[in-house]
Amino acid sequence: MRPLTEAETRAVFEKLGRYIGENIQLLVDRPDGTYCFRLHCDRVYYLSEKLLKVAASVPRDNLVSPGTCFGKFTKTQKFRLSVTALDFLAPYAKGFGVAAKSTQECRKVDPMAIVVFHQADVGEYVRNEDTLT
Amino acid sequence: MAAVRVEEVLAAAEEQEAEKRRSVTVEKELELEFDLGNLLALDRNPPAAVELRGAGPRREALLRALARDNTQLLVARLWELPAERAGGAGGPLVARLPEPAFRLPREKPPPRPRPPTRWEQFARLKGIRRRKRTSLVWDEQAKEWRRRWGYRRAGGDPARAWLAEVPEGADPEEDQFARLRREKRERVARNELNRLRNLARAHRAGTAVPAAPLHPTGHQSREELGHVARVARVSTASLGRFQPRLPKEPVEPPSRSGGRKRRFEPLLGNLAAERSRQLELLRDMSSKKPVLDITRAVNKQLRQEEAEAAAAKGKKQSQRGKRGRRQQGAGGVSGGLGGPVPPSFAGTDR
């Protein structure tokens, strides 16, 4: 386990920024404790300082997963975000939607086709009455 | 019928004999030179040059015949050597070869002359020359010539010396025999130490890498300058430990693995500092403004200026050359390009 280098941190933040925008600093700088990112076997984990101190005393071979896995670095050093990060990203997400077409279809389809469904809950129309057309 | 037959048979036998003799005798214009000690035969007869030209079966056949003939002559000479039976009566016949006359060249390079030892340097400085000592010394007690050292030496057998006087000013309780033995041991040890030191010095002198010095003209590559700076830094009495750093020199000491191992921040390092660093990184990323790196901008500007200056100089030289050529006309010798034209410009000139 080791901290991320500057290049790795940049890659991770860029990816996170696509989903939660400017709110990454809310992940980095939390009022309820010091949380940090650590790298273990090419996977990026998000864990609190208390957990970090405990995990530091586990042998490397026996350590499976310290904290929550946000994603991993591939062989060519690209960062792939994982679904296990959803719990942390959901509160700050820029929006949610359901894919209407599969990835391959999305590429072939014409510009005006629908690709994402935004599934609203019951009260959304009432909540966003003013902004919705 | 029978008579003809007999004649035929005799003729055939005669031919066979001639054939055998032909295979053993070889005719040569010039005699070969032999060095039987090296099993060497030198043939100075000029070969048929026409036949040897161009690869082909004719050439191969000629070469093979040549080799066969020369080998035949060599073997014939070998058989003329005095021979004897090795290993008793039933053993093989062995020829006694003479001393080799032909000197073969060295296989390995000759040994380098070793550097002079400390004593040799001192002796050369003082002009001390080596005096040859006689190997035999006159022993007064035994009244005969004895060796200088070794078996039955001149000064009597040191193992049987029964008296060791206490010298003036020495401790009377001290064991003189022990002292003599100890001093001899120390002398031997010191001698051995000096011998090994001389050996080490000679070995080091042989494998020393000449340090690339600073060029007086100033045309030096960046790597060379960096290397020389690093060497100069460590060339102090305390090996550079208390040397103040130059303004732009990196802080970390040169790693022993030579840059092969990566170094990371400690796992439980200063978390507050890590947080602040990450926040700053986020701020830079979100600022949407290209960060100005002063050093890179300045270097880029300098390089651009240098390129322009070089281009202008090249243009001037080529113009001067062209004018010179035109003035001299068909004389032949032209001014040409006055100096080296930078490659970047040569293409654009045409």
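The values are calculated or read from the model by the stated rules, or taken from the named source; none is laboratory data. Please read these numbers as outputs of a predicted model, since none were measured by experiment. With ideal geometry, Cβ positions are generated from the backbone for all residues, glycine too; neighbour counts draw on all protein chains shown. Protein only, heavy atoms only, side chains kept; ligands, DNA and RNA dropped before computing areas. Shrake-Rupley method; radii C 1.70, N 1.55, O 1.52, S 1.80 Å.
Using the crude model of +1 on Lys and Arg Cβ and -1 on Asp and Glu Cβ, and no other charge, please compute the dipole size for chain B relative to its Cα centre, in debye to 20. Spell out each step's value before the answer.
Numbers: 73 positive and 46 negative charges, 575 e Å.
So the magnitude is around 2760 debye.
Determine the sum of side-chain charges near A:Tyr19: Lys and Arg each +1, Asp and Glu each -1, restricted to other residues whose C-beta is under 14 angstrom from that of A:Tyr19. Intermediate results must be reported in sequence, preceding the final value.
Details: positive: A:Lys15, A:Arg18, A:Arg80, A:Lys94; negative: A:Glu14, A:Glu22, A:Asp87.
Computed value for this residue: +1.
So for chain B, taking the charge dipole from beta-carbon charges (+1 Lys/Arg, -1 Asp/Glu), which of B:Val228, B:Ala11, B:Val75 sits furthest toward the positive end?
Selected residue: B:Val228.
Sequence-distant or interchain residues sharing an amide H contact under 5 Å with B:Phe34, placed H: which?
B:Leu42
Once you order the gyration tensor axes a ≥ b ≥ c over the Cα atoms, which shape class does segment B:2-82 get: rounded for a/c under 1.5, otherwise prolate or oblate by comparing a/b with b/c? Don't skip to the answer; put the middle values down first.
Numbers: a/c = 3.42, a/b = 1.52, b/c = 2.25.
Oblate, since a/c reaches 1.5 and b/c is not below a/b.
First check a/c for chain B, with a ≥ b ≥ c the square roots of the eigenvalues of its C-alpha gyration tensor; if it is under 1.5, answer rounded, and if not, answer prolate when a/b is larger than b/c or oblate otherwise.
oblate
Solvent-accessible area per residue for segment B:158-200 at a 1.4 Å probe radius, Å²?
Details: 4060 Å² over 43 residues.
Per residue, segment B:158-200 has an accessible area of 94 Å².
Just need the relative contact order of chain B here, percent rounded to a whole number, with Cα pairs under 8 Å and 6+ apart. Don't skip to the end; give the middle numbers.
Numbers: 157 pairs, mean separation 22.1, N = 350.
Computed over chain B, the figure is 6 percent.
Give me the net charge for the shell around A:Ala55: Cβ to Cβ below 11 angstrom, other residues only, Lys and Arg +1, Asp and Glu -1. Intermediate results must be reported in sequence, preceding the final value.
Numbers: positive: A:Arg38, A:Lys50, A:Lys53, A:Arg60; negative: A:Glu49.
That sum, taken over residues with Cβ under 11 Å, equals +3.
Just how large is the dipole of the protein assembly as shown about the Cα centre, in debye to the nearest 20, putting +1 at every Lys and Arg Cβ and -1 at every Asp and Glu Cβ? Before the final figure, lay out the partial values.
Numbers: 92 positive and 62 negative charges, 460 e Å.
So the magnitude is around 2200 debye.
For the pairs A:Lys94/B:Lys288; B:Lys248/B:Lys300; A:Lys50/B:Lys261; A:Lys75/A:Lys101; A:Lys15/B:Lys300; A:Lys53/A:Lys75, flag any whose C-alpha to C-alpha distance is greater than 21 Å. The partial results should precede the final answer.
Numbers: A:Lys94/B:Lys288 19 Å; B:Lys248/B:Lys300 18 Å; A:Lys50/B:Lys261 30 Å; A:Lys75/A:Lys101 29 Å; A:Lys15/B:Lys300 32 Å; A:Lys53/A:Lys75 28 Å.
Correct reply: A:Lys50/B:Lys261; A:Lys75/A:Lys101; A:Lys15/B:Lys300; A:Lys53/A:Lys75.
Ordered by packing density, taken as the mean number of other Cβ atoms within 10 Å over each peptide's residues, highest first, how do A:68-77, B:162-171, B:187-196 rank? List each step's numbers first, then the result.
On the way: A:68-77: 14.4, B:162-171: 8.0, B:187-196: 10.4.
So the order, starting with the most tightly packed, is A:68-77, B:187-196, B:162-171.
Go through B:281-287, B:118-124 and give me the packing order, highest mean Cβ count within 10 Å leading. Write down the numbers at each step before the final one.
Numbers: B:281-287: 13.9, B:118-124: 11.7.
Output ranking for B:281-287, B:118-124: B:281-287, B:118-124.
Return the carbon/sulfur percentage of the accessible area of segment A:1-64, one whole number, probe 1.4 Å, all protein chains in place. Don't skip to the end; give the middle numbers.
Values: 1650 of 3510 Å².
Accessible surface attributable to carbon and sulfur in segment A:1-64 totals 47 percent.
Roll a 1.4 angstrom probe over the protein heavy atoms and tell me the percent of accessible area of segment B:2-82 that is carbon or sulfur.
About 58 percent, which is the carbon plus sulfur part of the accessible surface.
Tally Lys/Arg at +1 and Asp/Glu at -1 over every other residue whose Cβ is under 9 Å from the Cβ of B:Thr117; what's the total?
Working: positive: B:Arg114, B:Arg118, B:Arg195, B:Arg197, B:Arg201; negative: B:Glu120.
Result for the local shell: +4.
What accessible area per residue comes out for chain A, rounded to a whole number of Å², with a 1.4 Å probe? Walk me through the numbers on the way to the answer.
Numbers: 9110 Å² over 133 residues.
I get 69 Å² per residue for this part.
Return the inverse of the average 1/r over all pairs of distinct C-alpha atoms in segment B:80-209, which is the Kirkwood hydrodynamic radius, in Å to one decimal. Show your work: numbers first, answer last.
Working: mean 1/r = 0.0450 Å⁻¹.
That comes to 22.2 Å for segment B:80-209.
What residues of segment B:268-315 lose no less than 10 Å² of accessible area with every protein chain in place versus their chain by itself (probe 1.4 Å, heavy atoms only)?
By number: B:Leu268, B:Leu271, B:Glu274, B:Arg275, B:Gln278, B:Leu279, B:Leu281, B:Leu282, B:Met285, B:Ser286.
With every protein chain left in place, what is the accessible area per residue of segment B:2-82 in square angstrom, probe 1.4 Å? List each step's numbers first, then the result.
On the way: 6530 Å² over 81 residues.
That works out to 81 Å² per residue.
For a quick size check, give me the Cα extents of the protein assembly as shown along its three principal axes, largest first, whole Å.
136, 118, 78
As a test of the definition: with a 1.4 Å probe, what buried accessible area, both sides summed, do you compute for A against B, in Å² to the nearest 100? Walk me through the numbers on the way to the answer.
On the way: alone 9940 and 32630 Å², together 40780 Å².
Buried surface at the A/B interface: approximately 1800 Å².
How large is the helix-only mean residue ellipticity at 222 nm for chain B, computed as the sum of -39500 (n - 2.57) over DSSP H runs with n ≥ 4, divided by its residue count, in deg cm²/dmol to the nearest 500? Intermediate results must be reported in sequence, preceding the final value.
On the way: 9 runs with 162 residues, N = 350.
So the calculated ellipticity at 222 nm is -15500 deg cm²/dmol.
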